[in-house]
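Notes for the one structure printed next.
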């Protein structure tokens, strides 16, 4: 079968954030990835930068190099455009390809704000798309869905999540992501770490049927760390909250949810109390309770380097038993950071190769698309509106 022809946006030898290299390239350059996909083009800030990336990553000389999103969009030999740039350039770099009818894979966040996300999608469902909310297809989320469907804990009465952005530090920020302190750019711990987490929580349990929230800037001034990780005397003022507390009623429709079931979520930038988990998620049911614990900030990416445990407390027997989970065998051949990204590619490829049928797919075949991203962006628009209404932001 003819491979799906990919153009990568943002693969760079000099990138300050190397997610394209670490999250996408391992699968695309693997034998399994190459059986479905072929990298045929690169788009960078200039043609010269694209050529440098082609050389640095040992891509074939036949890979085309572009410095203009409009020129890339005109290329008829590209099927899927994959965007790994900073969030506030997502619309600029992908809109021409979307308008040209190409499929797109855009990393999360979709855009810098809800209005920009709407402008990109024109409020339409775009089936030929992927959004980088890969936590939905993680083995943890998939296992939790299985357990809930089995009825082992009965109807869900409530759920509580407590997590930390412990991939960063509490009182400083790396120079490479110092823009995390600027809310207008759209990429920060709230819109990335918290958003990834609450997205797959919603995917397992369902959306809010209304919510209330409070956010706070606990540390308005942060130190800057240089490229070697050394904290300097340079300071930067942040207008991005570093504490989020949100709770609301769960809507019906996903899992077996009791009337008026509550989801509560607390997120804090920086590390957790020393020696305690960085991620604790409980799902309380009529017959039992599930608890997921991990050291990482959220069940995603680097978090998989440490154990992630799922346990079930059976109320009838009063026993706590482990719930086993594992990677698919082919995923074990990939670096941890790329494994659930690879699952997104796999699901898209199966759909594309089966003729790209319209409409909903079975749950085990679905993946998050741009219309899912817009729905999450809408939730975050409301979240920040509630924060602005507090009147106590920095």
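For the residues 357, 139, 335, a GNM of the chain with alpha-carbon springs under 10 Å puts the largest fluctuation on 357. With the simple spin-label model, which puts each label point 7 Å out from Cα in the Cβ direction, the residue 232 to residue 155 separation comes to 5.8 nm. Summed over qualifying helices (DSSP H, 4 residues or more, each -39500 (n - 2.57)) and divided by its residue number, the chain shows a 222 nm mean residue ellipticity of -7500 deg cm²/dmol. For residue 333 and residue 2, the FRET efficiency from 1/(1 + (r/R0)^6), where r spans their Cβ atoms and R0 equals 22 Å, is about 0.35.
Over all directions, the projected convex hull of the C-alpha atoms in segment 137-326 averages 11.5 nm² in area. Largest GNM mean-square fluctuation across 45, 119, 354, computed for the chain with C-alpha springs under 10 Å, falls on 354. Rounded, prolate or oblate: which fits segment 226-337, taking a ≥ b ≥ c as square roots of the Cα gyration tensor eigenvalues, rounded meaning a/c under 1.5, else prolate when a/b beats b/c? Oblate, since a/c reaches 1.5 and b/c is not below a/b. In terms of surrounding Cβ atoms within a 10 Å radius of their Cβ, 242, 314 rank from fewest to most as 314, 242. Label reach from residue 249 (point 7 Å along Cα→C-beta): in segment 195-216, amide nitrogens under 15 Å belong to 207-212.
Put in order of Cβ neighbour count within 10 Å, fewest first, the listed residues 217, 9 become 217, 9. Simple spin-label estimate for residue 176 and residue 74 gives 3.5 nm between the two label positions (7 Å along the Cα-to-Cβ direction from each Cα).
Put the Cα centre of segment 206-231 next to the Cα centre of segment 254-292 and the gap is 20 Å. Only bridges whose two residues both fall in the chain count here: according to DSSP, what percent of them are antiparallel, nearest 5? Bridges in the chain that DSSP calls antiparallel: roughly 55 percent.
Computed from the coordinates by the stated procedures, all read-outs in this text should not be read as laboratory data. Keep in mind that this is a model prediction, so the values were computed, not measured. Every residue, glycine among them, receives a Cβ derived from its backbone with ideal geometry; neighbour counts consider all protein chains shown.
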